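K.L.:
The following block contains the structure, expressed as structure tokens.
The values are calculated or read from the model by the stated rules, or taken from the named source; none is laboratory data. Computed from a predicted model, the values in this text were never measured in an experiment. Don't worry about glycine lacking a Cβ; one is built from the backbone with ideal geometry, like all the others, and counts go over all protein chains shown. Ligands, DNA and RNA are stripped out before the accessible areas are found, and what is left, the full protein with its side chains, is counted by its heavy atoms. Shrake-Rupley method; radii C 1.70, N 1.55, O 1.52, S 1.80 Å.
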Amino acid sequence: FSSDGPWHFPPGTVFVKHFALARDERQPERLSPLETRLLVAGGEGRYYGVTYEWNAEGTDAKLVLERKELELPVRGRNGRPAERHYMLPGPGDCMVCHNDKAGMVLGVRTEQMQVADQLSRWEAAGAFAQPPSAEALEHAQRLAALDDESRSEEDRLRSYWASNCSMCHGVDNTIRSRWDARATTPLEHQGIVRGPLENGAPLAGSAVVVPGDLERS
């Protein structure tokens, strides 16, 4: 457990992420399995990732040995046939994001786990060798869920950036980007609102975010 940084996990810990797709977008509740990803904690802080691709029936899955690009046939919300581009990562792709600078495991951070009170559930299940103290949790940051209307729009948006981008944006100064997604960084110092672009502006006046202007953001 860490109140404000990456957690550390014992060898043999396995994280599982499952992906499914609605083949008919008019019936979003009917999902077909696509892939299941595993991130495994090995010895001496080493990790590795694997991906399994499900068959069309959803009865069996096979190991993906290299990256695969798929065009998946679906029916759109208008009932017309369409295709959705989808990428299945190979073993090397996993570690592009799950790296040392990002803390290897991306989503399990105190600031995110507190959103749905996940820490209390894990403590009740006996997942902690030493449960986090009430004092550590009281002073730890708590991100906002996108649909939590008790929190401001700014809080929710910055929480979204922190959850999805801060593992690299803000800790890895080798990437070609200067904006900082961490919610602990004040908004005016994040380099997001009217923040400069590294790779050139597609339209005059473009920036990371231009308030009220989607095309230039």
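K.L.:
Is the stretch 86-200 rounded, prolate or oblate when judged by the Cα gyration tensor, a ≥ b ≥ c being the square roots of its eigenvalues, rounded requiring a/c under 1.5 and prolate requiring a/b larger than b/c? List each step's numbers first, then the result.
P.N.:
Working: a/c = 2.01, a/b = 1.30, b/c = 1.55.
Cα axes put the stretch 86-200 in the oblate bin.
K.L.:
May I ask you to give the solvent-accessible area per residue for the chain, in square angstrom, as obtained with a 1.4 angstrom probe?
P.N.:
Numbers: 14080 Å² over 217 residues.
On a per-residue basis, the chain sits at 65 Å².
K.L.:
Right, something else. Using per-residue counts of other Cβ atoms within 10 Å, averaged over each peptide, order 172-180, 109-117 from highest down.
P.N.:
Details: 172-180: 13.6, 109-117: 17.1.
Final packing ranking: 109-117, 172-180.
K.L.:
Starting with the highest mean, order 163-171, 4-12, 122-130 by the number of other Cβ atoms within 10 Å, averaged over the residues of each peptide.
P.N.:
Descending packing order for the listed peptides: 163-171, 4-12, 122-130.
K.L.:
Let me ask something else. Output the peptides 194-200, 182-188 sorted from most to least packed, where packing is the average of other Cβ atoms within 10 Å over each peptide's residues.
P.N.:
Details: 194-200: 11.6, 182-188: 14.0.
The most tightly packed comes first, giving 182-188, 194-200.
K.L.:
Have a look at the DSSP beta bridges in the stretch 1-144 and tell me what percent are antiparallel, nearest 5. All intermediate terms of the calculation are to be shown ahead of the outcome.
P.N.:
On the way: 27 of 28 bridges.
Percentage antiparallel, nearest 5: 95.
K.L.:
Of the listed values (1) 1.12; (2) 1.26; (3) 1.17, identify the label whose number matches Cα Rg over 2.2 N^0.38 Å calculated from this model.
P.N.:
(3)
K.L.:
Here's something else I'd like to know. Carbon and sulfur: what percent of the stretch 44-94's accessible surface (1.4 Å probe)?
P.N.:
Details: 1830 of 3700 Å².
Answer for the stretch 44-94 is 49 percent, counting heavy atoms of protein chains only.
K.L.:
Rounded to the nearest 20 Debye, what is the dipole magnitude of the chain about its Cα centre when Lys and Arg each give +1 and Asp and Glu each give -1 at the C-beta? All intermediate terms of the calculation are to be shown ahead of the outcome.
P.N.:
Details: 25 positive and 32 negative charges, 96 e Å.
I would put it at about 460 debye.
K.L.:
Something else: Positive end of the charge dipole of the stretch 1-101 (Lys, Arg +1 and Asp, Glu -1 on Cβ, about the Cα centre): tell me which of His18, Gly76, Thr51 has its Cα farthest that way.
P.N.:
Gly76
K.L.:
About its Cα centre, what dipole magnitude does the stretch 132-217 give when the only charges are +1 on Lys and Arg Cβ and -1 on Asp and Glu Cβ, stated in debye to the nearest 20? Working shown, then result.
P.N.:
Details: 9 positive and 14 negative charges, 71 e Å.
For this selection, approximately 340 debye.
K.L.:
Where the accessible area of the stretch 117-217 is counted over protein heavy atoms with a 1.4 Å probe, how much of it, in %, is carbon and sulfur?
P.N.:
Values: 3260 of 6830 Å².
That fraction is 48 percent.
K.L.:
In addition: Could you tell me which of Thr110, Pro91, Ser163 has its Cα farthest along the dipole of the chain towards the positive end, charges placed at Cβ (Lys, Arg +1; Asp, Glu -1), taken about the Cα centre?
P.N.:
Pro91
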